[in-house]
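Written out below as structure tokens is the structure these notes cover.
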Amino acid sequence: VKNLDPGQLFLVWEALEERAHMLKCAPFMSRPLPIVMPIEEWWKVPYFYVGVKMYDWLAKLVCCFDTGVPECFYASKKNATHLFPLLNPDRLSGALVYYDGQQNDSRMNVHLALTAACDGWCGGEKFKGAAVANHLECVGVCKNEKGEVCGVQVKDRLTNDTFEIKGKVIVHCTGPFADSIRHMADPGCRKLVAPAAGVHVVFPKWYAPPNFGLIIPETTDGRVLFFLPWEDNVVAGTTDSKSTLTHSPTATAQEAEFIVQESARYLSVDADTLRKDVKAAWSGLRPLVK
């Protein structure tokens, strides 16, 4: 509590609110997912239980007790291995199970584009749908006589045509590349974004039950490791680490090996078998504020 970061608390608050909203308005692409958190030493159970319970109560406070997910609970060693059979019982004293939301983000992005492009009604007035364009690169910004940004100059990466798009409001949502666009509008601006890479490895579907995930709260380097069922496979990965800005991030063999070695510590599967079962690996960037 003494080292509580208000900025991080606000991000969690906002995410919990968005989770409840998506579970309620888009249940066809979102679902509650129970996640097993194995605990090695019995004396850590109260520590982690308090933390997870505070997460539950924060969600209730944010969503007026309509969180859309059940509450967390404690599972004994026997029950934990029943919920997640590949857990190594030799490193297990018990587990906590908490619920989070899982969403098909690709489907959500397509859904947003399709609905935005449709004509509709708002406040009794008819409006035209948005013009949705892909493969456009922002190469500059347009400013009015007051020096305010009123549009962008874009380049079609398929035809190499360059043209302007103007509007009353310009919304800047370019993720880890945000600083490059900000610099076009204000060359003297201070950089705000630090790109972070998250590496993921794909395993066969039998590495996790279809309705349960797994989270290791602390790996050897202090990060988090997770196993989540996804599209008839299991995705394993770690939380973000510092990275360089690139359009094509790739997962290195060293990063994939780290996931394999950490997984072998907690699962009843040896590292050689895990390594052979890796189906694919990828890396993605997300923006973190400096």
The number of residues in segment 91-142 that are of a type in the set (Phe, Trp, Tyr) and within 28 Å of the chain's Cα centre (by Cα) is 2
Would you confirm whether any residue within segment 243-250 is within 30 Å of ILE35 (Cβ to Cβ), among the hydrophobic types (A, V, I, L, M, F, W, C) and in contact with a strand residue (DSSP E or B) (Cβ under 9 Å, 6 or more places away or on another chain)?
no
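Matching residues to (1) more than 30 Å from LEU274 (Cα to Cα); (2) in contact with a helix residue (DSSP H, G or I) (Cβ under 9 Å, 6 or more places away or on another chain); (3) surrounded by fewer than 17 Cβ atoms within 10 Å (Cβ to Cβ); (4) at pLDDT below 95:
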{"residue": "TRP42", "(1), (2), (3), (4)": "no, no, yes, yes"}
{"residue": "VAL45", "(1), (2), (3), (4)": "no, no, yes, yes"}
{"residue": "VAL52", "(1), (2), (3), (4)": "no, no, no, yes"}
{"residue": "ASN79", "(1), (2), (3), (4)": "no, no, yes, no"}
{"residue": "PRO89", "(1), (2), (3), (4)": "no, yes, yes, yes"}
Taking the residues in segment 261-285 that are surrounded by fewer than 16 Cβ atoms within 10 Å (Cβ to Cβ) and among the hydrophobic types (A, V, I, L, M, F, W, C) as candidates, determine which candidate is farthest from THR174 (Cα to Cα).
ALA271
Can you name the residue in segment 79-122 that is acidic (Asp, Glu) and in contact with a strand residue (DSSP E or B) (Cβ under 9 Å, 6 or more places away or on another chain) and, of all such residues, is farthest from GLU231 (Cα to Cα)?
ASP119
Does segment 1-48 hold any residues that are in a helix (DSSP H, G or I), within 23 Å of PHE73 (Cβ to Cβ) and touching a strand residue (DSSP E or B) at 6+ places or on another chain (Cβ under 6 Å), and which are they?
ARG19, LEU23, VAL45, PHE48
Kindly evaluate MET37 against the criterion of being in contact (Cβ under 8 Å) with a residue 24 or more places away in the chain and closer than 24 Å to ILE215 by Cβ.
yes
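Of the residues ASP90, ASP100, ASP56, which is in contact with an Asp or Glu (Cβ under 7 Å, 6 or more places away or on another chain) and either within 22 Å of THR219 (Cα to Cα) or assigned to a helix (DSSP H, G or I) (or both)? Don't jump to the end; show me each part of the working.
On the way: ASP90 fails: in contact with an Asp or Glu (Cβ under 7 Å, 6 or more places away or on another chain); ASP100 fails: in contact with an Asp or Glu (Cβ under 7 Å, 6 or more places away or on another chain).
Only one candidate qualifies: ASP56.
Based on this model, can you work out whether LEU288 counts as modelled with pLDDT under 90, farther than 29 Å from GLY94 by Cα, open to solvent by 80 Å² or more (accessible area, probe 1.4 Å) and in contact with a strand residue (DSSP E or B) (Cβ under 6 Å, 6 or more places away or on another chain)?
Taking the combined requirement at face value, the residue does not satisfy it.
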Out of curiosity, is HIS172 of a type outside the set (S, T, N, Q) and at positive phi?
no
Looking only at residues that are of a type outside the set (A, V, I, L, M, F, W, C) and in contact with a Lys or Arg (Cβ under 6 Å, 6 or more places away or on another chain) in segment 136-154, which one is surrounded by the most Cβ atoms within 10 Å (Cβ to Cβ)?
GLY151
Going through (1) out of contact with any Leu (no Cβ under 7 Å at 6 or more places or on another chain); (2) surrounded by 14 or more Cβ atoms within 10 Å (Cβ to Cβ); (3) under 30 Å from ASP66 (Cβ atoms) one by one, THR115 fails only at (2)
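The values are calculated or read from the model by the stated rules, or taken from the named source; none is laboratory data. Computed from a prediction, not measured in an experiment: that's the story for all the values here. Here the Cβ is made from the backbone with ideal geometry for all residues, glycine too, and neighbour counts use every protein chain on show. Accessible surface areas use protein heavy atoms only, side chains included; no ligands, DNA or RNA. Shrake-Rupley method; radii C 1.70, N 1.55, O 1.52, S 1.80 Å.
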